[in-house]
Amino acid sequence: VRFDDSLNTILSGDMQPGVGAQSAWRQLVDLMSRGRIPADEPTIAQLRMLRQAVPEKVRAASARAIAFATPGAALVGLFSEDALTVAAPVLRTAVLPANDWLAILPRLTPETRSILRHRRDLPHDVVRGLESFGATDFVLDDARVEKSPVEPAQPASAEPVAFTPPPATPTPPPDG
(Lines give C-alpha, C1' and ligand atoms only; values in the text may rest on other atoms or scores of the structure.)
Protein backbone atom coordinates (compact mmCIF):
# COMPACT_ATOMS: atom_id res chain seq x y z
CA VAL A 1 0.00 0.00 0.00
CA ARG A 2 1.41 3.33 -1.07
CA PHE A 3 0.74 6.44 0.99
CA ASP A 4 -0.05 9.59 -1.01
CA ASP A 5 1.36 12.58 0.85
CA SER A 6 0.49 15.13 -1.87
CA LEU A 7 -1.72 17.14 0.46
CA ASN A 8 0.93 17.32 3.19
CA THR A 9 3.53 18.35 0.62
CA ILE A 10 1.36 21.21 -0.64
CA LEU A 11 0.36 22.37 2.82
CA SER A 12 3.96 22.41 3.99
CA GLY A 13 5.04 24.55 1.03
CA ASP A 14 5.04 28.30 0.51
CA MET A 15 1.52 29.73 0.66
CA GLN A 16 2.44 33.37 0.99
CA PRO A 17 0.65 35.81 -1.32
CA GLY A 18 2.14 35.75 -4.76
CA VAL A 19 3.55 32.73 -6.55
CA GLY A 20 3.37 30.48 -3.48
CA ALA A 21 -0.36 30.99 -2.94
CA GLN A 22 -1.10 30.64 -6.65
CA SER A 23 0.85 27.41 -6.88
CA ALA A 24 -0.80 25.95 -3.78
CA TRP A 25 -4.24 26.97 -5.11
CA ARG A 26 -3.66 25.29 -8.47
CA GLN A 27 -2.31 22.11 -6.91
CA LEU A 28 -5.08 21.78 -4.33
CA VAL A 29 -7.80 22.40 -6.92
CA ASP A 30 -6.24 19.93 -9.33
CA LEU A 31 -5.80 17.16 -6.77
CA MET A 32 -9.26 17.71 -5.32
CA SER A 33 -10.96 17.71 -8.73
CA ARG A 34 -9.32 14.38 -9.56
CA GLY A 35 -10.28 12.86 -6.23
CA ARG A 36 -6.68 12.47 -5.05
CA ILE A 37 -7.29 14.50 -1.88
CA PRO A 38 -10.51 14.78 0.11
CA ALA A 39 -12.90 17.64 -0.52
CA ASP A 40 -13.47 17.96 3.20
CA GLU A 41 -14.12 21.10 5.22
CA PRO A 42 -10.48 21.70 6.28
CA THR A 43 -9.25 21.53 2.68
CA ILE A 44 -12.10 23.71 1.39
CA ALA A 45 -11.33 26.19 4.20
CA GLN A 46 -7.70 26.23 3.05
CA LEU A 47 -8.84 27.05 -0.49
CA ARG A 48 -11.10 29.83 0.80
CA MET A 49 -8.14 31.33 2.63
CA LEU A 50 -5.91 31.05 -0.43
CA ARG A 51 -8.61 32.53 -2.68
CA GLN A 52 -7.99 35.95 -1.09
CA ALA A 53 -4.36 35.87 -2.22
CA VAL A 54 -4.90 34.42 -5.70
CA PRO A 55 -5.85 36.76 -8.57
CA GLU A 56 -9.21 36.21 -10.23
CA LYS A 57 -7.46 35.47 -13.53
CA VAL A 58 -5.63 32.51 -11.96
CA ARG A 59 -8.79 31.23 -10.25
CA ALA A 60 -10.69 31.44 -13.55
CA ALA A 61 -7.93 29.48 -15.29
CA SER A 62 -8.21 26.80 -12.60
CA ALA A 63 -11.97 26.66 -13.13
CA ARG A 64 -11.52 26.18 -16.87
CA ALA A 65 -8.91 23.50 -16.23
CA ILE A 66 -11.25 21.40 -14.08
CA ALA A 67 -14.47 22.13 -15.97
CA PHE A 68 -14.52 18.73 -17.62
CA ALA A 69 -13.03 16.84 -14.70
CA THR A 70 -15.49 15.51 -12.18
CA PRO A 71 -15.30 18.00 -9.31
CA GLY A 72 -17.40 17.02 -6.34
CA ALA A 73 -20.14 19.09 -4.77
CA ALA A 74 -17.81 20.76 -2.24
CA LEU A 75 -15.48 22.03 -4.97
CA VAL A 76 -18.37 23.08 -7.23
CA GLY A 77 -19.85 24.94 -4.26
CA LEU A 78 -16.54 26.70 -3.60
CA PHE A 79 -16.22 27.86 -7.21
CA SER A 80 -19.89 28.89 -7.34
CA GLU A 81 -19.26 31.39 -4.50
CA ASP A 82 -16.60 33.18 -6.53
CA ALA A 83 -16.79 35.85 -9.24
CA LEU A 84 -18.87 34.99 -12.30
CA THR A 85 -15.77 34.50 -14.49
CA VAL A 86 -14.55 31.88 -12.01
CA ALA A 87 -17.88 30.19 -11.32
CA ALA A 88 -19.18 29.97 -14.89
CA PRO A 89 -16.87 27.27 -16.36
CA VAL A 90 -17.58 24.90 -13.48
CA LEU A 91 -21.32 25.59 -13.33
CA ARG A 92 -21.68 25.04 -17.08
CA THR A 93 -20.24 21.54 -16.97
CA ALA A 94 -20.41 20.04 -13.47
CA VAL A 95 -22.42 16.86 -13.11
CA LEU A 96 -23.86 16.39 -9.63
CA PRO A 97 -26.74 14.48 -8.12
CA ALA A 98 -29.94 16.50 -7.66
CA ASN A 99 -29.52 16.69 -3.88
CA ASP A 100 -26.07 18.26 -4.22
CA TRP A 101 -27.35 20.86 -6.71
CA LEU A 102 -30.29 21.66 -4.44
CA ALA A 103 -27.90 22.26 -1.54
CA ILE A 104 -25.81 24.64 -3.68
CA LEU A 105 -28.70 26.65 -5.22
CA PRO A 106 -29.35 28.92 -2.21
CA ARG A 107 -25.69 29.97 -2.19
CA LEU A 108 -25.80 31.08 -5.83
CA THR A 109 -26.39 34.61 -7.04
CA PRO A 110 -29.04 35.36 -9.66
CA GLU A 111 -26.22 35.59 -12.24
CA THR A 112 -24.80 32.17 -11.40
CA ARG A 113 -28.28 30.63 -11.26
CA SER A 114 -28.83 31.98 -14.78
CA ILE A 115 -25.95 29.80 -15.96
CA LEU A 116 -27.75 26.75 -14.61
CA ARG A 117 -31.04 27.90 -16.15
CA HIS A 118 -29.47 27.53 -19.60
CA ARG A 119 -28.45 23.93 -19.02
CA ARG A 120 -30.72 21.25 -20.44
CA ASP A 121 -29.12 18.30 -18.65
CA LEU A 122 -30.03 19.07 -15.04
CA PRO A 123 -32.34 16.76 -13.07
CA HIS A 124 -36.01 17.80 -13.01
CA ASP A 125 -35.84 18.56 -9.26
CA VAL A 126 -33.03 21.05 -9.88
CA VAL A 127 -35.00 22.79 -12.63
CA ARG A 128 -37.95 23.07 -10.22
CA GLY A 129 -35.57 24.39 -7.56
CA LEU A 130 -34.37 27.09 -9.95
CA GLU A 131 -37.97 27.99 -10.78
CA SER A 132 -38.69 28.44 -7.08
CA PHE A 133 -36.52 31.56 -7.06
CA GLY A 134 -39.12 33.04 -9.39
CA ALA A 135 -39.13 36.62 -10.53
CA THR A 136 -36.48 37.71 -8.01
CA ASP A 137 -33.83 36.34 -10.35
CA PHE A 138 -35.04 38.54 -13.17
CA VAL A 139 -35.25 41.88 -11.34
CA LEU A 140 -32.35 44.27 -11.74
CA ASP A 141 -30.90 45.49 -8.49
CA ASP A 142 -30.79 49.30 -8.15
CA ALA A 143 -27.03 49.09 -7.59
CA ARG A 144 -26.59 47.51 -11.03
CA VAL A 145 -28.75 49.98 -12.91
CA GLU A 146 -26.85 53.07 -13.88
CA LYS A 147 -29.03 56.02 -13.08
CA SER A 148 -28.81 59.17 -15.15
CA PRO A 149 -30.64 62.34 -14.26
CA VAL A 150 -33.47 63.26 -16.58
CA GLU A 151 -32.80 66.62 -18.11
CA PRO A 152 -35.57 68.71 -19.67
CA ALA A 153 -35.43 68.92 -23.42
CA GLN A 154 -33.72 72.07 -24.65
CA PRO A 155 -34.87 73.85 -27.83
CA ALA A 156 -32.41 73.85 -30.70
CA SER A 157 -32.00 77.63 -30.58
CA ALA A 158 -31.90 80.01 -27.66
CA GLU A 159 -34.66 82.15 -29.19
CA PRO A 160 -38.24 81.50 -28.08
CA VAL A 161 -40.31 79.50 -30.50
CA ALA A 162 -43.54 81.19 -31.54
CA PHE A 163 -46.67 79.14 -31.93
CA THR A 164 -48.28 79.47 -35.32
CA PRO A 165 -51.79 78.06 -35.56
CA PRO A 166 -52.63 76.04 -38.65
CA PRO A 167 -54.44 77.91 -41.41
CA ALA A 168 -58.20 77.93 -41.04
CA THR A 169 -60.12 75.96 -43.59
CA PRO A 170 -62.95 77.98 -45.09
CA THR A 171 -66.37 76.72 -44.23
CA PRO A 172 -68.73 76.38 -47.16
CA PRO A 173 -71.77 78.67 -47.17
CA PRO A 174 -74.98 77.06 -45.95
CA ASP A 175 -77.33 75.80 -48.64
CA GLY A 176 -80.46 77.49 -48.73
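The values are calculated or read from the model by the stated rules, or taken from the named source; none is laboratory data. Bear in mind the structure is a predicted one, so any value in this text is a computation, not a measurement. When the accessible area is computed, the model is the full protein with side chains, heavy atoms only, and any ligands, DNA or RNA have been set aside. Shrake-Rupley method; radii C 1.70, N 1.55, O 1.52, S 1.80 Å.
P(r) tail, the stretch 32-82: Cα-Cα pairs separated by more than 12 Å, 64% of all pairs.
For the stretch 116-126, putting each phi into the Karplus relation 6.51 cos²θ - 1.76 cosθ + 1.60 with θ = phi - 60° gives couplings of 5, 4, 8, 7, 10, 10, 7, x, 4, 4, 6 Hz, in residue order, rounded to whole numbers and with x for Gly and Pro.
Using heavy-atom solvent-accessible surface (probe 1.4 Å) with all chains present, what is the largest-first order of T70, T85, T112?
From most accessible down to least: T70, T85, T112.
Where Rh is the Kirkwood radius over the Cα pairs of the stretch 70-115, the temperature 10 °C and the viscosity 1.306 mPa s, what D in µm²/s does Stokes-Einstein return? Result for D is 155 µm²/s. Dividing the convex hull volume of the alpha-carbon atoms in the stretch 18-140 by its residue count gives 99 Å³ per residue.
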